[in-house]
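Heads up, the thing below is written out as structure tokens.
The values are calculated or read from the model by the stated rules, or taken from the named source; none is laboratory data. Source: prediction; values computed, not measured. Every residue, glycine among them, receives a Cβ derived from its backbone with ideal geometry; neighbour counts consider all protein chains shown. These area figures cover heavy atoms from the full protein model, side chains too; ligands, DNA and RNA do not enter into them. Shrake-Rupley method; radii C 1.70, N 1.55, O 1.52, S 1.80 Å.
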Amino acid sequence: MTERVGVYVCHCGSNIAGTVDVVDVANWAAEKLGRQGVIIAREYKFMCSSLGQELIEKDIKELGLTRVVVAACSPHLHEKTFRTAAKNAGLNPYLVELASIREQVSWVHSDKAVATAKAKAVVSGAVSRVIENAALEEIKVPINPNTLVVGGGIAGIQSALEIANAGFHVYLVEREPSIGGHMAQFDKTFPTLDCSACILTPRMVEAGTHPNITLLTWSEVTNVAGYVGNFHVTIKKKARFINEELCTGCGICQEKCPKKVIDDVYEAGLGYRKAVYTPFAQAVPNFPVMDKENCTYFIKGTCKACEKFCPTGAIDFNQQDEMLHIDVGNIVLATGYDLFDARRVSNYGYGRLPNVFTSLEFERLSNAAGPTSGNIVLRDGKTTPKSVGIIHCVGSRDKNFNNYCSVICCMQGLKFAHLVHERTGATVYNFYIDMRTAYKAYDEFYQRVLEEGTLFVRGKVAEVTNAARNEREKGKLIIQVEDTLAGKQRRIPVDMVILSSGLQPRADAKEVGKMFGISCSMDGWFTEKHPKLDPVATMTEGIYIVGCAQGPKDIPSSVAQGAAASARVLDKILQKEVALEPIKASVNQALCSGCKICNGLCPFNAITFIEDDKVTSINPALCQGCGTCVAACPAGAISGTGFSNEQIIAQIDGLMMRNLEPIVA
Amino acid sequence: MPQMTDERVRAGMTREEDLSLLNEVSMKTAGVSHLEMCIQCGTCGGSCPVAADMDHTPRMLFAMLRAGMREEVLRSNTPWLCVSCYHCVVRCPQEVHIADVMYTLKGMAIHAKLYTDSTAPHFSQTFVGMVETFGRGYELGLATRHYLRHFPLRLPGMMPMGFGHDLEGAYGDRAEKNQTHGSIDEDPGPRQGIGVDLMNKYLLYPGCSMDSSAKAYMESLNSIVEPLDLHLEEIEDWNCCGATEYLGINLIPAYSLIARNLALASKQMDSGTRTVVAPCSACYLNLAKADYYMQERPTLGAKVNEALAAGGLEYKAGTLDVRHLIDVLVYDVGLDAIRKAVTHPLSGLKVVPYMGCMLPRPDYQHRWSDHEHPTELDDLLRALGADVIDYPLTTSCCGGHMTQIGPETAFELIHRLVSDADERGAQMMVTVCPMCQMNIDAYQNEMNHFFGTNFHMPILFFTQLMGLAFGKAPNEVGIGVELVSSRNALAHIGVEVPVTQEPAAPRKKDEGLPMPRRWTKHEGKKEAVK
Ligand SMILES: Cc1cc2nc3c(=O)[nH]c(=O)nc-3n(C[C@H](O)[C@H](O)[C@H](O)COP(=O)(O)OP(=O)(O)OC[C@H]3O[C@@H](n4cnc5c(N)ncnc54)[C@H](O)[C@@H]3O)c2cc1C
Ligand code: SF4
Ligand code: SF4
Ligand code: SF4
Ligand code: SF4
């Protein structure tokens, strides 16, 4: 049967029509591609508008089109729109092809004649290909209503609570002994200066006691298999050496434990904890964990002071790591950020000059529950600084380190200026390149800090040194900077320097991303499906990213994303089943030689090897139709529905215009 | 990645005649300048050790370039004061090649005859003139000539330099260019036989100062090659690297001058090594820079090779490994081997390690532990048993050529270094660079006059201390020719330095100043102070 093909060329306003002669393309298609089955070719200002869609639907019905080619933008944008239109008119949606003449033609060329010629080739390729398309049916799979949230910072907590409140079960997995994330370390939060603990702890407690939330702290995900609606997840629950059934959280073990350890996580290295500990008083859950690396008993074989004193006999030195296997339908990743390691900027002296502090250290220093009970003092533990310099953009906006802006550190620098001012009365300098306070009530906060008398110096600090040049500088930290507004180099002696270190992706973000089948940007943050229109979804169905795992952001935005992802998850759960694209690869097992080359290549872990038959097989529910294996198979045993060899070759022939008269060179 | 001007022009996206002033400067600069990317953060102006004396901070200059203020920029003293310390370069968040832009601006200013204070351009031109005549530069003769022209009254202050360094020799022996260097080439014996471990073999680029102002460096280097089983083969017919001066005059000749040495060295690669070792930081940087920029900007590489071809030479960038002496000692020979060779540990000698600026920066090949506080020299001195004092200024600039063109500026920099070392209780400074050694040693007296201070801070080459620790006598490692005597400092560790010369008596404050002696042109091409 010869196909009846309709070609629809979109102007996209002037986006395409400005560079491509769309009328010419349409006329050419009608005239030259008739032999291919093109019976109608039209151009229209906005094909994606409802009028444009109706045009196509009408032609399908009235002219009996069996194939449709829309020459417009990238299929990423509107493939779905036109497929739906075809479906409405009674045509199988997979018999529609998009020819990208915007992203691949008009936006990348300036010469109209060349662009028009290329557009014709692209249309010709799509026409040849669509003829080889097969009518496909969507695959429906049921959705497991349980959800996994990885990371118990504010973003993860928010996400878990919203889903749990809607009546569905959530597993909240956190690798540290307590949930809370970075927010639990702060004293005050900008711009309103509410006490961080006061607003965070109720959420933590709610998450810890919620009947629909299974809280798994001191735990990590070790394996993920399956696909949207049906993920199988393995979680390692590390031994706490505390029997959670018996422990009442009285804290006697921590009190009696003789082993003091520097707390690099919660206290940012500025304070101590014991070998058996809960990181902070309001920890959720409040069972302690025993840190095996540092416990005297595990090192030397004697001690057990904790066991002796525990009133309920909850200490259990024989506890082992446990592997849990759970099934969930959707996964939210909320793994947050690491603080940039300021030692790398060696001209700022962190790690060499004692009174240079990082931002997280300062958060602990100013926190009433911190190591100095909120007294802002120098590293000697007693001297109150009389002058403090706060340096912005440490490790951010710097091609030597991280190229991006960390978003929160200007505001955090202003917050610190306010706190130092309020608590010590010291003279405060803020050194900045650009003041970035773009959000609700943020610039007002800047105004407030200006009003309080903070001295702002516009210039990226060149160095912090203890090499004094005169009496005034002796015994001080000297901040050397160009005051770019005064146009002059200045040396400002201060007692204390605070570095607004940037945020960076978790050290293990790449491996974690790989485990969940999602990718990271060049900078290392998890990549969203669409930077503007789909910021919490990923290219892998059923996996969502929220909070700082997706990129630097403040608490309000982290919370908003946590909630946004929950809405997406609930939407999926309530649909009860999910339609999977039928674009899949499959193995012709008669051709498969069992070489296993494809086995490790699938980014979605869809390929398994059947040992008994010595052939490879692809799980259609897992396969996302990326085509990697198809290209890799040396035996040509794998082919893809929606991208069969026939389709690809036809498309190439079309592009080369081999379907027309032979081209004379 | 945003398109740099260079690429845009090459791709025909921008016509050369439409270039803005900023783009023009960017195009004329070696390597990819990234000048277009400046975000006016001020890191450069904040880092610059000589900013106080500059008409404009580097950042301001770049803003003025953007604004098209050609005349004002080319009249600014800023490029002339730049000491090429590369502090700004490694710190600039946008990777702007600031020091190289300064060279470009110097060249443009000379060309446009816009820079009016003649001192600095004259120094560059004197230097270039000398190199073009003699093939090598001699800081001392140069300094003398330059002082006579510009600061006649200062000359007496630097006269003591003449005692330590053989002025006549520097000019007189030019006929035989490639003298052999003591034990370095003299004993080819078993080394060239079969079964020789070529691991320790290197091509040596001595640089001009090694047989003029820094003879002590050369002598002490000779004294350690044997204990450490090092084999250094001098590059035949090498020429001056142009120091920091040539780059400002004319880009292609400057890079060709440097690359000629690389081309010569690459001819000697068949002797079993591709590593060039330079003991002088400025030479090391120039050689490394030429190698790097010829790769980074292939058009530069092609032009340089065109120039080299005239002399029948060719250099394929990236063929050689350019390294500094201390790099080779710490990372190839290794601290363990050095520790083993120590027979007379320097325990009790309080030293500050002074790396200088051009060695760890800009560090094209990522060789150093850090740009700001590298620890290689500290580690090495510790291996010798010395008491190493933490010295925050270890990579600050010694003043470079500013001793010649803006002495007050240089005195300030020398003062910072010496006073901080003194404050920290150092008995001496230890350096890896002839220029640093000369500035801090030869100009310390004048600096003291200038500030009314009385510092006595000897500065020795690290190889001199290695020699001592390996059991050599002071005179075998060139100790005794330094102007700020190390005798007292070395007495702390029981090393007796024989008196070879009377230290120059400091000039009394109210003493009248003698008139400088007149220039006379000598027979042949030689010029010397009579
Ligand atoms: C010094 C400083 C001050 C700040 N002050 C403010 C402020 O005043 N106001 C404001 O709005 N914002 C502020 N911010 C920003 C704020 O910290 C973040 O917006 C917020 O904490 C992001 O929350 P999150 O849940 O995305 O990440 P995080 O708080 O980093 O939480 C991530 C959680 O995931 C866990 N985790 C990570 N990897 C895994 C894994 N593989 N498996 C299991 N668990 C994992 C972590 O242990 C952690 O508990 C500040 C930031 C800094 C650095
Ligand atoms: S056994 Fe370990 S955890 Fe318990 S008290 Fe002793 S050191 Fe602390
Ligand atoms: S938010 Fe401010 S301090 Fe942080 S990187 Fe951006 S500009 Fe720099
Ligand atoms: S440091 Fe770099 S970006 Fe900053 S002002 Fe200087 S040249 Fe511009
Ligand atoms: S290289 Fe050194 S002297 Fe030159 S501009 Fe940069 S900081 Fe200043």
Sorted by accessible area (1.4 Å probe), largest first, how do A:Ile391, A:Ile583 line up?
A:Ile583, A:Ile391
Below 19 Å, Cα to Cα, which aspartates and glutamates can B:Lys350 reach? Residues fewer than 8 away in the same chain don't count.
B:Glu376, B:Asp378, B:Asp379, B:Asp387, B:Asp390, B:Asp420, B:Asp422, B:Glu423, B:Asp441, B:Glu482, B:Glu496
Accessible area of A:Arg472, 1.4 Å probe, to the nearest 10 Å²?
150 Å²
Residues losing 50 Å² or more accessible surface upon assembly, the range A:396-439, compared with the chain by itself, 1.4 Å:
A:Lys399, A:Asn400
Heavy-atom accessible surface of the protein assembly as shown: percent carbon and sulfur, 1.4 Å:
52 percent
From the Cα gyration tensor of the range A:291-384, with a ≥ b ≥ c the square roots of its eigenvalues, which class applies: rounded if a/c is under 1.5, or else prolate if a/b is larger than b/c, or else oblate?
oblate
Of A:Lys236/A:Lys572; A:Lys514/A:Lys596; A:Lys529/A:Lys572, pairs whose Cα-Cα distance is over 18 Å:
A:Lys236/A:Lys572; A:Lys514/A:Lys596
Within straight cross-link reach of A:Lys553, meaning Cα distance under 16 Å, which aspartates and glutamates are found once same-chain residues fewer than 8 apart are removed?
A:Asp338, A:Asp523, A:Glu528
Let me have the 222 nm mean residue ellipticity of the protein assembly as shown computed from DSSP H runs of 4+ only, each contributing -39500 (n - 2.57), with the sum over all residues rounded to the nearest 500.
-10000 deg cm²/dmol
Honestly the range A:337-504 on the Cα gyration tensor test (a ≥ b ≥ c root eigenvalues; a/c under 1.5 rounded, otherwise a/b vs b/c for prolate or oblate) is just rounded
In chain A, helical segments from DSSP H whose Cα atoms cover 27 Å or more along their own axis and that average at least 1.6 on the Kyte-Doolittle scale are none
Burial-style ranking of B:210-219, B:51-60, average other-beta-carbon count within 10 Å with highest first, yields B:210-219, B:51-60
For A:Phe287, B:Phe451, A:Phe445, give the ranking by accessible area with the largest first, probe 1.4 Å.
B:Phe451, A:Phe287, A:Phe445
Residue-by-residue Karplus 3J(HN,Hα) for the range A:331-346, coefficients 6.51, -1.76, 1.60, Hz, glycine and proline x
9, 10, 9, 9, 8, x, 9, 10, 7, 4, 7, 5, 5, 5, 8, 5
Among the lysines, select those whose C-alpha is under 17 Å from the C-alpha of A:Lys259, and discard any that sit fewer than 8 residues away in the same chain.
A:Lys274, A:Lys292, A:Lys300, A:Lys304, A:Lys308
Would you mind checking the pairs A:Lys415/A:Lys460; A:Lys510/A:Lys576; A:Lys58/A:Lys80; A:Lys32/A:Lys118; A:Lys80/A:Lys510 and listing those with alpha carbons more than 22 angstrom apart?
A:Lys510/A:Lys576; A:Lys80/A:Lys510
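According to the square roots a ≥ b ≥ c of the eigenvalues of the Cα gyration tensor, what is the shape class of the range A:463-606, taking rounded for a/c under 1.5, prolate for a/b larger than b/c otherwise, and oblate for the remainder?
Values: a/c = 4.36, a/b = 2.36, b/c = 1.84.
Prolate is the answer for the range A:463-606, as a/c is 1.5 or above and a/b outweighs b/c.
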Per-residue SASA entry for B:Phe455, accessible area with 1.4 Å probe, Å² rounded to 10:
40 Å²
Starting from the range B:418-497, pick out the GluC sites (Glu not before Pro) whose DSSP state is loop and whose Cβ has at most 15 other Cβ atoms within 10 Å.
B:Glu496
Counting partner chain Cβ atoms within 10 Å of every residue's Cβ in B:46-52, what's the average?
6
Note down the accessible area of B:Lys28, probe 1.4 Å, to the nearest 10 Å².
100 Å²
Averaged over B:384-394, how many beta carbons belonging to a partner chain fall within 10 Å of each residue's beta carbon?
1
To the nearest hundred square angstrom, how large is the accessible surface buried between A and B, total for both chains, probe 1.4 angstrom?
2200 Å²
What percent do you get for the relative contact order of chain A when only Cα pairs under 8 Å and 6+ apart count?
14 percent
Long-range HN-HN contacts of B:Phe461 with modeled amide H, under 5 Å
B:Thr431
Residues whose built amide H sits under 5 Å from the amide H of A:Val615, excluding neighbours closer than 5 in sequence, are A:Ile610
Suppose all protein chains stay in the model; what accessible area per residue would a 1.4 Å probe give for the protein assembly as shown, in Å²?
41 Å²
Using a 1.4 Å probe and counting only protein heavy atoms, arrange A:Lys576, B:Lys201 so the residue with the most accessible area comes first.
A:Lys576, B:Lys201
